[in-house]
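Just so you know, all these numbers are worked out from the coordinates, no wet-lab data involved. Since we're looking at a predicted model, the values are computed, not measured. Neighbour counts are summed over all protein chains in view; Cβ atoms, including those assigned to glycine, are modelled from backbone coordinates with ideal geometry.
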Amino acid sequence: MTLLQNTLSSISSINEDAVAHAQQRLDSLTKPPGSLGILEDIIKQLAGITGQAIPKIGKKTVIIMAADHGVVEEGVSAFPQEVTPQMVMNFLNGGAAINVLARHAGADIACCDIGIAADISHPNLIVKKIKYGTDNMAKGPAMSRNEAIAAIEAGISVATAQISNGSTLLATGEMGIGNTTASSAILSAFSNLPLRQLIGRGTGINNRGLSAKEIAIQKAVDINKPDPADPIDVLHKVGGLEIAGLAGTILAAAAHKVPVVIDGFISTAAALIAGKLEPKAAQYMIASHVSEEPGHSIMLDMLGLHPVLHMRMRLGEGTGAALAFHIIDAATHIQAEMATFESAGVSTAL
């Protein structure tokens, strides 16, 4: 708990002076004010985070947290639990979508076993296993409060190590069969909206699976009674170990003044937990995209985040975040390389 408390106490608001200087630079460039839209928003946010009016991005890293979910017993997924370790090996061997997109973006991948329900071995796997998957939240708490805190702190340590190793931009990715169910349950706990507005088909479940998912989440909420005023209570009762680990990743990024790109629905559930633990952490988050999961846009609204991309994606792994790296890179190049009205000899508006 000490690591979590120290991390939370280290998170401060972004540098508004740097934001103002970035705005001045943007307004001096050869374009109408605000005409580059989201690119300009990204530049100002990066300036506030880094303290640099012309921010630079160096090493980029996608942190993938992997864990299993006991709630799969309720028939909530189209894929069996064995897919989690199989896909993690695919990540480690470079064959998944996130590997392709990360390579294209010039980004590294750090893959962490924080709760896979099996033991796997690979020289590049980071092992921070808290337990072998969560318990079935439809029958009781997904994990203990101490396990949830330990998973958050594991995420903090993984992110801190990547930052210490030179990463200047982090992104969140995940793998865990059943994790859209846990994410929907987290959203349900924090909202007063009807459950049917919050759940989607995840990996592609049919109508029977969708009904099972709704029933399982309702059972979990009714049995566990997660307290929305206590984000760790919500996390340990209806969350997931990879969600906890990503919440820690996000908090560590904020504490070290490093921007963190949030991927899809599950990553945003983690961001919601992080934002509830420390609202200032949201200032360090860049929402990469809005997914096909119906609850995702609701979560983004709750965090006050605006997605960069609309791609109809629902894969996870960090794929949307890896695509957003290109937009972020483009924004920094605009700020650094575009001519000003004065240097180009272009007349300004009257």
Out of N206, Q218, I232, whose Cα points farthest toward the positive end of the dipole of region 194-290 (charges: +1 Lys, Arg; -1 Asp, Glu; placed on Cβ)?
-> N206
Listed pairs K213/K257; K60/K276; K60/K139; K213/K280; K60/K219; K129/K225 exceeding 29 Å between Cα atoms | K213/K257; K60/K139; K213/K280; K60/K219
Taking the square root of 5λ for each eigenvalue of the C-alpha gyration tensor of the chain, the equivalent ellipsoid has semi-axes, largest first and in whole angstrom, of 35, 20, 19
So what is the relative contact order of the chain, in percent, for Cα pairs below 8 Å that sit 6 or more residues apart?
-> 25 percent
If the convex hull of the alpha-carbon atoms of region 236-337 is projected onto planes in all directions, what is the mean projected area in square nanometres?
-> 6.5 nm²
The chain: calculated mean residue ellipticity at 222 nm from DSSP helix runs of at least 4, using -39500 (n - 2.57) | -15500 deg cm²/dmol
How high is the FRET efficiency between S35 and L193 when r is their beta carbon distance and R₀ equals 35 Å, given to the nearest 0.05?
-> 0.45
Per GNM of the chain with C-alpha springs under 10 angstrom, the most fluctuating residue out of R196, R208, R103 is R208
On full extension of the chain, what length is gained from T348 through S121, given 0.36 nm per residue of separation minus the C-alpha to C-alpha distance?
-> 75.6 nm
So for R0 = 22 Å, FRET eff. of N165-I57 from the Cβ-Cβ r, to 0.05, ends up at 0.90
With +1 at each Lys and Arg Cβ and -1 at each Asp and Glu Cβ, the charge dipole magnitude of region 55-124 around its Cα centre, to the nearest 20 debye, comes out at 680 debye
Grab the alpha carbons of region 223-265, take their convex hull, and tell me the volume per residue in Å³.
-> 81 Å³
Between rounded, prolate and oblate, where does region 79-173 land on the alpha carbon gyration tensor, with a ≥ b ≥ c its root eigenvalues, rounded for a/c under 1.5, else prolate if a/b exceeds b/c?
-> oblate
Gain in length, A336 to R312, computed as 0.36 nm per residue apart minus the alpha-carbon separation, to one decimal in nm?
-> 5.5 nm
Pairwise label distance in nanometres, Q218 with S28, each label 7 Å out on the Cα-Cβ vector = 6.1 nm
Could you please state, rounded to a whole Å, how far the C-alpha centre of region 195-218 is from the C-alpha centre of region 302-350?
-> 35 Å
In nanometres, the difference between 0.36 nm per residue of separation and the alpha-carbon distance of H104 and Q86 is 4.2 nm
Beta bridges per DSSP with both ends in the chain, % antiparallel, nearest 5 = 5 percent
Aspartates and glutamates within cross-link reach of K44: Cα-Cα under 13 Å, excluding same-chain residues under 8 positions apart?
-> E16, D17, D27
Mind checking the dipole of the chain: about its Cα centre, +1 per Lys or Arg Cβ, -1 per Asp or Glu Cβ, Debye to the nearest 20?
-> 140 debye
Springs between alpha-carbon atoms under 10 Å, Gaussian network over the chain: tell me which of A66, A107, A118 tops the mean-square fluctuations.
-> A118
To the nearest 20 debye, region 52-168 has a Cα-centred charge dipole, built from +1 on Lys and Arg Cβ and -1 on Asp and Glu Cβ, of 560 debye
Given the options F79, F265, F91, state which has the largest fluctuation in a GNM of the chain using a 10 Å cut-off (strictly under) for Cα springs.
-> F79
With label points built 7 Å along Cα→Cβ from the Cα atoms of I327 and S297, find their separation and express it in nm.
-> 1.5 nm
Please name which of Q283, L8, L193 has its Cα lying farthest along the dipole of the chain towards the positive end, using unit charges on Cβ (Lys, Arg +1; Asp, Glu -1) and the Cα centre as origin.
-> L193
